[in-house]
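Asker: What follows is a single structure, and I will ask about it in a moment.
The values are calculated or read from the model by the stated rules, or taken from the named source; none is laboratory data. What you are looking at is a predicted structure, and each value in this text was computed from that prediction instead of being measured. Cβ: placed from backbone, ideal geometry, glycine included. Neighbour counts: every protein chain shown.
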Amino acid sequence: MTVPLSSLRPGDRGVVVNILGGPRARQRLVGMGLTPGVIIQILEAHSHGPIIISAGGVKFAIGRGMADKVIVRKL
């Protein structure tokens, strides 16, 4: 089952399977290392504000709008 990254909760892990959106959004997400096959883990996610994730050993924040464009398969 695939879901948007934004639907995962802290502690959840997933594998990136697709990136939606236009060329700029895709380029930005790929530039952060969010490419198909990468395993991500949600570190922090509150009802408002960015989601803190770890991908490939790097921690960073991603806005909810961008997180909606990242489709993952929950592990």
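Asker: Out of the range 1-43, which residues are in contact (Cβ under 8 Å) with a residue 60 or more places away in the chain, among the aliphatic types (A, V, I, L, M) and more than 15 Å from Ala55 (Cα to Cα)?
Answerer: Matches in the range 1-43: Met1, Val3.
Asker: Quick one: in the range 1-32, of everything that is part of a helix (DSSP H, G or I) and under 10 Å from the mean Cα position of the chain (by Cα), which residue is surrounded by the fewest Cβ atoms within 10 Å (Cβ to Cβ)?
Answerer: Among them, the one singled out is Ser7.
Asker: Let me ask something additional. Pick from the range 33-53 the residues that are of a type in the set (A, V, I, L, M, F, W, C) and either modelled with pLDDT under 85 or farther than 11 Å from Ala67 by Cβ (or both): which of them is surrounded by the most Cβ atoms within 10 Å (Cβ to Cβ)? It would help to see each step written out before you state the result.
Answerer: Step one: filter the range 33-53 for residues of a type in the set (A, V, I, L, M, F, W, C), giving 34, 38-40, 42-43, 45, 51-53.
Now narrow it down to the ones that are either modelled with pLDDT under 85 or farther than 11 Å from Ala67 by Cβ (or both): 38-39, 43.
On the way: Val38: 17, Ile39: 13, Leu43: 14.
Going through the qualifying residues, I end up with Val38.
Asker: Mind checking whether some residue in the range 61-69 is surrounded by 14 or more Cβ atoms within 10 Å (Cβ to Cβ) and assigned to a loop (DSSP other than H, G, I, E, B)?
Answerer: Scanning the range 61-69 turns up no residue that is surrounded by 14 or more Cβ atoms within 10 Å (Cβ to Cβ) and assigned to a loop (DSSP other than H, G, I, E, B).
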